[in-house]
1. Can you confirm whether V23 is modelled with pLDDT of 95 or more, under 29 Å from R112 (Cα atoms) and in a strand (DSSP E or B)?
2. Could you please tell me which pairs satisfy a Cβ distance under 8 Å, a separation of 6+ or placement on different chains, a first residue in the stretch 131-144 that is under 16 Å from V48 (Cα atoms), and a second residue that is in a helix (DSSP H, G or I)?
3. Among the residues of the stretch 68-87, write down those that are part of a loop (DSSP other than H, G, I, E, B) and crowded, with 20+ Cβ neighbours inside 10 Å.
4. So W187 passes all but one of these: (1) away from the ligand (no atom under 16 Å from the Cβ); (2) over 16 Å from the mean Cα position of the chain (by Cα). Which condition number does it fail?
5. Please enumerate the residues belonging to the stretch 34-86 that are more than 19 Å from F183 (Cα to Cα) and acidic (D, E).
6. So which of R297, R309 ends up being touching a helix residue (DSSP H, G or I) at 6+ places or on another chain (Cβ under 8 Å) and either under 18 Å from L159 (Cα atoms) or in a loop (DSSP other than H, G, I, E, B) (or both)?
7. Residue under question is N63, and the condition is that it be within 25 Å of the chain's Cα centre (by Cα) and within 30 Å of S87 (Cα to Cα); does it hold?
8. Output yes when any residue across the stretch 47-67 is within 16 Å of the ligand (Cβ to nearest atom), among the acidic types (D, E) and either without any contact (Cβ under 8 Å) to a residue 12 or more places away in the chain or crowded, with 21+ Cβ neighbours inside 10 Å (or both), and no when none is.
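The values are calculated or read from the model by the stated rules, or taken from the named source; none is laboratory data. All of these numbers come straight from a predicted model, not from anything done at the bench. Cβ: placed from backbone, ideal geometry, glycine included. Neighbour counts: every protein chain shown.
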Amino acid sequence: MLIQQQLTPSPISATVDFAAPGVHHGFLRLPYSRDDAAWGSVMIPLTVVNNGEGPTALLTGANHGDEYEGPIALFDLAARIRTEEVSGRIIIVPAMNYPAFLAGTRTSPIDRGNLNRSFPGRPDGTVTQKIADYFQRVLLPMADIVLDFHSGGKTLDFLPYCAAHVLPDKRQEAQAFDLVRAFGAPWSVKMLEIDAVGMYDTAAEEMGKVFVTTELGGGGTASALTAGIAMRGLRNLLIASGVMKGEVDAQPTQWLDMPDDDCFTFAEDGGLITFLADLGDRVEKDQPIARIFPVSRTGLAPVIVAARRPGLFLARHFPGLVKPGDCVAVTADMVEL
Ligand SMILES: [Zn+2]
């Protein structure tokens with residue numbers, strides 16, 4: 001089955017030549033036959049910049065459709081970039097899961113696909129699986145450096161951070177952490193995944209690519225502060241990786257480590273959530289960080305949610321109502337790197 005998928009060509013075609021010198025704006029065209037367009041396509045915006053020898057950086061936003069700092073920074077870069085600023089190649093896809101981005105939803109409205117759980121994808125699968133397959137077999141192999149922007153979306157909020165994973169290949173890991181430092185977000189994280197299967201991150205890292213990601217705010221919007229962090233960090237990362245000319249605008253950053261699953265606190269009850277601490281606060285193990293009121297009737301006491309390990313309060317559930325199993329809070333250790 002896997003061999004059959006590898007032999008099947010991707011149905012996606014790029015309208016620009018990835019090798020042509022200069023700045024080229026175009027699309028990844030994915031045929032999508034549907035009621036309102038029998039021979040229609042999903043047109044995923046793409047910019048490719050080529051200028052001589054050098055590494056290739058693959059830059060993506062809206063892997064989840066309701067996360068905005070990445071698309072802001074990447075549409076901004078694509079509108080401004082000039083050939084002479086580049087040494088090598090930059091491939092910009094500001095809205096990777098474009099149907100989800102247009103709908104303002106985490107997953108695709110076409111097939112409910114969560115692109116970041118769809119790798120390696122399928123050329124003969126759903127729209128989301130076809131996008132994953134194109135990145136897996138066409139775009140990732142071209143790249144040396146991969147930056148994938150995320151934010152909290154509508155259901156989470158984060159202190160703005162840039163991150164990379166702890167990896168078995170320590171050289172690959174060190175290159176990624178060097179770029180995280182250069183990005184210069186207020187916080188930098190050695191990241192642990194709670195659900196790494198099917199992730200773009202994993203696909204890139206298994207190919208030996210230097211992979212960097214972010215979580216830059218959330219709540220389904222972007223602030224002036226977080227959009228600014230994204231734009232400055234993007235430029236810094238491209239300069240530090242040698243694909244863009246200029247000077248890194250170095251920023252202080254506090255490193256954080258997420259050493260185990262106790263960093264994540266999950267709700268066991270649903271209801272109306274009220275936080276007792278805010279992002280950026282230091283919390284102790286077993287410290288109450290939220291209360292959840294049952295809302296089926298009045299007169300019931302709230303359930304206390306306590307931090308499972310001490311640390312900095314890094315991320316939280318965003319909406320006012322919570323369901324059993326939702327991630328309520330993430331705490332991380334402040335460390336030196
Ligand atoms: Zn995301």
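1. Working: modelled with pLDDT of 95 or more: yes; under 29 Å from R112 (Cα atoms): no; in a strand (DSSP E or B): yes.
When the stated conditions are applied, V23 does not pass them.
2. As it stands, the answer is F135/Y200; F135/A203; L140/A203; L140/A204; A143/A204, since those pairs meet every condition given.
3. Residues of the stretch 68-87 that are part of a loop (DSSP other than H, G, I, E, B), as a first pass: 68, 81-82, 87.
Across the stretch 68-87, the qualifying residue is only Y68.
4. (2)
5. Of everything in the stretch 34-86, those that are more than 19 Å from F183 (Cα to Cα) and acidic (D, E) turn out to be D35, D36, E53, D66, E84.
6. Working: R297 fails: touching a helix residue (DSSP H, G or I) at 6+ places or on another chain (Cβ under 8 Å).
Being touching a helix residue (DSSP H, G or I) at 6+ places or on another chain (Cβ under 8 Å) and either under 18 Å from L159 (Cα atoms) or in a loop (DSSP other than H, G, I, E, B) (or both) holds for just one of R297, R309, which is R309.
7. yes
8. If we filter the stretch 47-67 for residues that are within 16 Å of the ligand (Cβ to nearest atom), which is where we start, we get 59-67.
Still in the list and also among the acidic types (D, E): 66-67.
Next, only the ones that are either without any contact (Cβ under 8 Å) to a residue 12 or more places away in the chain or crowded, with 21+ Cβ neighbours inside 10 Å (or both) stay: 66-67.
Yes, because at least one residue in the stretch 47-67 is within 16 Å of the ligand (Cβ to nearest atom), among the acidic types (D, E) and either without any contact (Cβ under 8 Å) to a residue 12 or more places away in the chain or crowded, with 21+ Cβ neighbours inside 10 Å (or both).
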